[in-house]
Ligand code: PRX
């Protein structure tokens, strides 16, 4: 698990460096080998850089080597700059941020690590974290890594059943939580959810409970109270990854990447619209964020509120704007670039997945001459070798083609297995295209060799014999199903006649893509069903359109079930 973070460390490092030309030319193995030796402290050095075989699903990196990622994130920097700010906890209530130095974070991590050991947590055991983004959660992750335990971070918006599933799957003996979470001004009873979940999890022996709010909670014999912590302040470079630590982006770019590089990271507890839609930019101004890393769903949401919420705040500290999680459509890209970045900051559309551990395709902010095209993830990251394959499994050699996005060589941060199910790992990622890692996404590669993600392959639809990616269509309007069925969310305050809008959208799609892609149906909705990480749940929309509402599938990651009911009611009214 520790080595999974190696390539994250490098990609995060690239956000901070000015030139990388000298390493580009090196061979892949030399590249990863050199970075691993230079950028990490090893307990024992590795013998081989890699020993991977995709057809066997064998992923082995740095064999013989031993390191501790918590030592790399903390101790290394405490030796040289103990008072540098490691974390800025941007709490729900604006203006109440808390800063943690590397020294303080190391102390907290060691205290927690020792407590976990005293409570019987051993190397290889799994500890489940059900906590909001907060310093104690980061210290808990690092404490697990320090003592060789595996952390299973469950997003703190998940239900008791979803949490119980994940605790049972990992056979965790220990859960760490807080009494209550606070998000968007609302108090959420996290401990109560844990209490419900562990009723059905016989493996759980103890629940460690920290106090996020002052409200007391019922404690049982199984519960262990955790004390509160200290903080201080020092200026420094500030990495503002807005993702919750319950998602991979929060792991790789909120915690391990920035800390391993000795950077200062912001932990965002709140929402982009609390107390108002200026929250992100007010935070940027107040904390001096230099790299802002957010999701297209949030950008699309904020642009609906207008430019004044951004322009109110000084954003001169911003250097780079990152986007991740979904294709960023051109309108959102341009708004992010022009309004948020004032046309001055490169927008970095970064493509990657939980399985890849870190960024795989992205423009390079470190190269001032690098071309960036809106809505394109652009070029493979150093050491990543993408390949596009057609339906017959043939590699598409010519540029200017669209196919299944695969990766032909291993890299250190990639997943090495699926917990308790290695066969599923092989079947999902290596069997669809033998010899390649299959990402599940479709991509277009331009004549110049630039990549554009066209969406999940299961979202690609076949209309009149043509394959259409949802991203491509969404760029012009925004969703599609077999025949093209478009769901439209209007900007705040916009009022249009629906038939006029429908006519305009049909013309736009015909003009910008093709006549065959023109939407057959258009439904205006107040909001779309989304996962708690902000991805639109297209498979649910597809079921609504297919009138299979009694078979909506797994909704455990759905953020707000009312959004589905609204879409269903609207659909019934129209048809
Ligand atoms: O479909 C791609 C989309 O998100 C998927 C990975 O989701 P997850 O494992 O939750 O990780 C999200 C954070 C890395 C991918 O298979 N995706 C991610 N980034 C982009 C993207 N689609 C288009 N452009 C991106 N920049």
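Every read-out reported here was derived from the displayed coordinates using simple, explicitly stated rules and does not represent laboratory data. The structure presented is a predicted model; accordingly, all values stated were derived computationally and were not measured. When we count neighbours, we look across all protein chains shown, and the Cβ atoms used for this are built from the backbone with ideal geometry, even at glycine.
What full-extension length gain, to one decimal in nm, is calculated for residue 171 and residue 431 as 0.36 nm per residue of separation minus the Cα-Cα distance?
Computed gain between residue 171 and residue 431 is 90.7 nm.
222 nm [θ] for the chain, helices only, -39500 (n - 2.57) per DSSP H run of 4+, per residue, to 500?
Calculated mean residue ellipticity at 222 nm is -8000 deg cm²/dmol.
Based on the Cβ-Cβ distance from residue 189 to residue 286, what FRET efficiency comes out when R0 is 22 Å, to the nearest 0.05?
Approximately 0.15, to the nearest 0.05.
Find, to one decimal place in angstroms, the Kirkwood hydrodynamic radius of segment 138-191, where the mean of 1/r is taken over every pair of different Cα atoms and then inverted.
12.4 Å
Once the piece of chain linking residue 483 and residue 514 is laid out straight, how much longer is it, given 0.36 nm per residue of separation minus the C-alpha distance between them?
Difference between extended and current length: 9.8 nm.
Could you state the orientation-averaged shadow area of the convex hull built on the Cα atoms of segment 133-257, in nm² to one decimal?
For segment 133-257, averaging the hull's shadow over all directions gives 8.6 nm².
Could you tell me how far the Cα centroid of segment 235-305 sits from the Cα centroid of segment 325-340, in Å?
Using only Cα atoms, the two centres lie 16 Å from each other.
Any chance you could run the full-extension gain for residue 499 through residue 115? It's 0.36 nm times the residue separation minus the Cα-Cα distance, nm to one decimal.
Contour length minus the Cα-Cα distance gives 131.9 nm.
Per the Cauchy relation, a quarter of the hull surface: what is the mean projected area of the convex hull of the alpha carbons in segment 38-193, in nm²?
11.9 nm²
Give me Rg over Rh for segment 282-388, both radii from the alpha carbons and Rh done the Kirkwood way, two decimal places.
0.97
Which shape class, rounded, prolate or oblate, goes with segment 365-427 when its Cα gyration tensor gives a ≥ b ≥ c as root eigenvalues, a/c under 1.5 marks rounded, and past that a/b bigger than b/c marks prolate?
oblate
Between residue 200 and residue 559, what is the label-point separation in nm under the 7 Å Cα-to-beta-carbon projection?
Reported label-point gap for residue 559 and residue 200 is 2.6 nm.
Estimate the FRET efficiency between residue 150 and residue 446 by the formula 1/(1 + (r/R0)^6), using the beta-carbon distance for r and 45 Å for R0, to the nearest 0.05.
It comes to 0.65.
Take the alpha-carbon centre of segment 61-86, take the same for segment 396-425, and report the distance between them in whole Å.
Centre-to-centre (Cα) distance: 29 Å.
Residues in segment 537-560, backbone N under 12 Å from the label point at residue 521 (7 Å along the Cα-to-beta-carbon vector): list them, ranges by number please.
541-549
Let's test the formula: R0 of 56 Å, r as the Cβ-Cβ distance of residue 373 and residue 220. What FRET efficiency results, to the nearest 0.05?
0.50
Antiparallel as a % of all DSSP beta bridges within segment 104-245, to the nearest 5?
Beta bridges within segment 104-245, antiparallel portion: roughly 15 percent.
Divide, for the chain, the radius of gyration over alpha carbons by 2.2 N^0.38 Å, where N is the residue count.
Ratio of Rg to 2.2 N^0.38 Å for the chain: 0.96.
Can you bin segment 208-297 into rounded, prolate or oblate? Criterion: square roots of the alpha carbon gyration tensor eigenvalues sorted a ≥ b ≥ c, rounded for a/c under 1.5, prolate for a/b above b/c, oblate for the rest.
Prolate, since a/c reaches 1.5 and a/b exceeds b/c.
Any idea how far the Cα center of segment 514-528 sits from the one of segment 38-54, in Å?
A separation of 50 Å, based on Cα centres.
Would you please classify the overall shape of segment 211-362 from the alpha carbon gyration tensor, given that a ≥ b ≥ c denote the square roots of the eigenvalues, rounded means a/c under 1.5, and beyond that prolate means a/b larger than b/c while oblate covers the rest?
It is prolate, given that a/c is not under 1.5 and a/b is the larger ratio.
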